[in-house]
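No lab work stands behind these numbers, since they all come straight from the coordinates. What you see is a predicted model, and the numbers here were worked out from it, not measured in a lab. Backbone-built Cβ (ideal geometry, glycine too); neighbour counts: all protein chains shown.
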Amino acid sequence: MSSPQRLPDGRLIVRHEGRDYQIPKACPHRGAPLADGYVNGPFLRCPWHGATFDVRTGERLRGPACPNLPQPDLFQADLSQSGSSGESER
Ligand code: FES
């Protein structure tokens, strides 16, 4: 199960199977705000032209030709301030 979380600074965090993935602000195709994208499971679809990425790997699965997302950052430490039950082990 996945749940997206939009932070006040515009970043999107997708939680999937207990891991949090920080999504870049801009789509690598034409720069759409990925915080406005659609999340379905581990997949994120860009709101402008529909490029679809696997948030676990950053791989572009469909849509217009463009680079993959950067390797995802595991983003676990700072979610506690946004009301999530962060899984920080640090
Ligand atoms: S800007 Fe994201 S698919 Fe075009």
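What the table shows:
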quantity	calculated
More than 18 angstrom apart: percent of Cα pairs within region 2-81	30
Length released on extending from Arg62 to Asp36, taking residue separation times 0.36 nm less the Cα-Cα span	7.6 nm
Charged-residue dipole, Cβ positions (Lys, Arg, Asp, Glu), region 1-68 about Cα centre, Debye nearest 20	100
Net charge of Cβ neighbours under 12 Å - reference Arg45; Lys, Arg +1; Asp, Glu -1	0
14 Å beta-carbon shell around Leu61, net charge (K/R +1, D/E -1)	+2
Positive-end extreme of charge dipole, region 17-63 - chosen from Leu61, Ala35, Tyr21 (charges on Cβ)	Leu61
